[in-house]
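Following: one structure in structure tokens, then a few remarks.
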Amino acid sequence: MDARKLHQLTSHATADGDYFVCPGQTLAVSRSIHVARLNAAWPVCDECEWRFHTEGLNEKTVIETTRIREHRRQGIQRTEFGIRGPYLNALHRRMAEEIVRIFCQCLIDRSTVQGSSQRSESKEIQPVRLSLAPVVIGFDGRSSSPDIFVGVSSSIREFGLPVIDLGRSTAASLQEALRCQPESCGGILVTGAGCPNAWTGLDVFDRSGDSVPVVWKDFGIRLQHPGLDATETPTAATS
């Protein structure tokens with residue numbers, strides 16, 4: 001059977017069959033090769049949609065390969081609401097302070113509104129800037145969170161914004177506090193939710209509890225995307 005014929009038969013194979021297509025490849029591999037690559041903690045498997053199909057591997061091997069996969073993730077990654085990174089190795093108090101300054105600027109920009117679109121005789125829109133409002137802050141129960149929280153609080157105050165300190169809290173409770181404090185400009189939560197225990201991170205919300213878009217490149221920062229293709233080179237936060 002030639003390669004073209006094999007490709008036609010296997011390119012659309014799924015985990016429900018006997019073949020798997022690895023990320024970045026077009027030809028499928030058999031289940032035995034798939035399991036062997038998982039057993040060897042092959043780096044490409046980190047981004048494979050079938051990496052959890054571990055039938056044929058013992059529990060100890062699955063735990064070990066999962067640990068290797070988690071530790072292989074490097075740099076600071078962006079998420080829907082903020083950023084995540086390994087505590088101290090990538091995201092420490094000083095780095096958090098720098099990132100919080102960016103979040104504060106984005107919150108101020110988001111709190112800046114245009115006029116009611118009424119035009120003057122010169123037909124120019126008159127912008128209206130709201131007064132600076134407090135930032136609601138909190139942290140989750142991870143052991144690293146209080147340390148990062150200290151940097152977050154001091155950075156916001158140095159930026160010139162008042163702080164409403166919730167202490168230990170969850171994303172849901174912080175969002176509820178934002179709804180109860182309509183005069184606030186947003187909130188920041190120290191949390192590593194969705195990541196290994198050794199990771200920490202920051203989530204930022206606007207006054208409605210929604211995510212705040214951050215154009216990182218405008219601040220001279222590049223962040224690794226959690227869905228990065230195996231063929232791309234990851235980039236950590238750099239200024």
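The values are calculated or read from the model by the stated rules, or taken from the named source; none is laboratory data. For clarity, every value in this text was computed on a predicted model and none was experimentally measured. When we count neighbours, we look across all protein chains shown, and the Cβ atoms used for this are built from the backbone with ideal geometry, even at glycine. To get the accessible areas, we keep the full protein, side chains included, count just its heavy atoms, and leave off ligands, DNA and RNA. Shrake-Rupley method; radii C 1.70, N 1.55, O 1.52, S 1.80 Å.
Across region 101-113, what is the number of residues that are more than 17 Å from Leu202 (Cα to Cα) and open to solvent by less than 50 Å² (accessible area, probe 1.4 Å)? Working first, answer last.
Applying the first criterion (more than 17 Å from Leu202 (Cα to Cα)) to region 101-113 yields 108-113.
Still in the running and open to solvent by less than 50 Å² (accessible area, probe 1.4 Å): 108, 111-112.
Number satisfying all stated conditions: 3.
For beta carbons closer than 7 Å, sequence separation of 6+ or different chains, a first residue in region 206-228 that is farther than 26 Å from Val136 by Cα and modelled with pLDDT of 85 or more and a second that is among the aliphatic types (A, V, I, L, M) and open to solvent by 40 Å² or more (accessible area, probe 1.4 Å), there are no qualifying pairs. Residues of region 26-49 being at pLDDT 85 or above and part of a loop (DSSP other than H, G, I, E, B), which ones? Of everything in region 26-49, those that are at pLDDT 85 or above and part of a loop (DSSP other than H, G, I, E, B) turn out to be Leu27, Ala28. Entry remark, region 89-100: residues being of a type outside the set (Asp, Glu) and touching a helix residue (DSSP H, G or I) at 6+ places or on another chain (Cβ under 6 Å) number 3 in total. Summed over region 135-185, residues that are open to solvent by less than 20 Å² (accessible area, probe 1.4 Å) and without any contact (Cβ under 8 Å) to a residue 24 or more places away in the chain total 1. For region 112-166, a residue qualifies if it is modelled with pLDDT under 95 and β-branched (Val, Ile, Thr), and the qualifying residues are Thr112, Val113, Ile125, Val128.
Sort out which residues of region 59-100 are over 19 Å from the mean Cα position of the chain (by Cα) and open to solvent by 90 Å² or more (accessible area, probe 1.4 Å), and write them in order of number.
Glu59, Lys60, Ile63, Arg67
When the residues of region 40-56 are filtered to those that are in contact with a helix residue (DSSP H, G or I) (Cβ under 6 Å, 6 or more places away or on another chain) and farther than 11 Å from Cys22 by Cα, which remaining residue is least open to solvent (accessible area, probe 1.4 Å)?
Here is the first cut: in region 40-56, the ones in contact with a helix residue (DSSP H, G or I) (Cβ under 6 Å, 6 or more places away or on another chain) are 41, 45-46, 51, 54, 56.
So of that shortlist, the ones also farther than 11 Å from Cys22 by Cα come out as 41, 54, 56.
Values: Ala41: 16, Thr54: 39, Gly56: 73 Å².
The qualifying residue least open to solvent (accessible area, probe 1.4 Å) is Ala41.
For region 189-219, taking the residues that are open to solvent by less than 60 Å² (accessible area, probe 1.4 Å) and either of a type in the set (Asp, Glu) or in contact with a Phe, Trp or Tyr (Cβ under 6 Å, 6 or more places away or on another chain) (or both), the one that is nearest to Ile108 (Cα to Cα) is identified as Asp206.
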